[in-house]
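Comments concern the structure below.
Computed from the coordinates by the stated procedures, all read-outs in this text should not be read as laboratory data. Every value quoted in this text rests on a predicted model; they were computed, and no experiment measured them. Here the Cβ positions follow ideal geometry from the backbone for every residue, glycine too, while neighbour counts run over all protein chains shown.
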Amino acid sequence: MSLITITDDNFKEEVLDSDKPVLIDFWAVWCGPCKMIAPIVEELAVEFEGKAKIGKLDVDSNQQTSINYGVRSIPTLLIFKDGEVKETIIGAVPKAKVVEKLNSVI
């Protein structure tokens, strides 16, 4: 399993009902910092396979979920466990910081 695409339609199934922690990268095509963090998110999808789900949600096409979770700036990474947001990371941050936050919920 690699990177999953999260949408308003599959959010409940993929994230809220997941038996594993889920990291979601809220991003958009036009966002420069999103392009900087994208390779990190892709690496995490491989490194955390079996331990966590890693997904991306395009804020332009999935505005309802973004609004529901108060995502105002991108990239925003939200880490969910048991249907609740456990960690929030805003902006392009070093990979080590994302790994640390993700490990804290596994």
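By the count of other C-beta atoms within 10 Å, a proxy for reagent exposure, SER2, SER104 are ordered fewest to most as SER2, SER104. Lys-Lys pairs in the range 4-103 that are eight or more residues apart or on separate chains and whose Cα atoms lie under 13 Å of each other come to 10. The label point for LYS81 and the one for VAL29, both projected 7 Å from the Cα toward the Cβ, are 3.6 nm apart. Computing Cα Rg over 2.2 N^0.38 Å for the structure here picks out one of [x] 1.68; [y] 1.74; [z] 0.94, namely [z]. Along the range 30-42 the Karplus relation, 6.51 cos²θ - 1.76 cosθ + 1.60 evaluated at θ = phi - 60°, assigns HN-Hα couplings of 7, 8, x, x, 5, 5, 6, 8, 3, x, 5, 4, 5 Hz to successive residues, with x for each Gly and Pro.
Estimated from helices alone, the mean residue ellipticity of the chain at 222 nm is -8500 deg cm²/dmol (sum of -39500 (n - 2.57) over DSSP H runs with n ≥ 4, per residue). Projecting the Cα positions of ILE24, GLN63, ILE37 onto the charge dipole of the range 4-103 (unit charges on Cβ atoms of Lys, Arg, Asp and Glu, taken about the Cα centre) puts ILE37 furthest along the positive direction. Close amide H partners of LYS86, meaning residues 5 or more places away or on another chain with modelled amide H under 5 Å apart, are ILE79, PHE80, LYS81.
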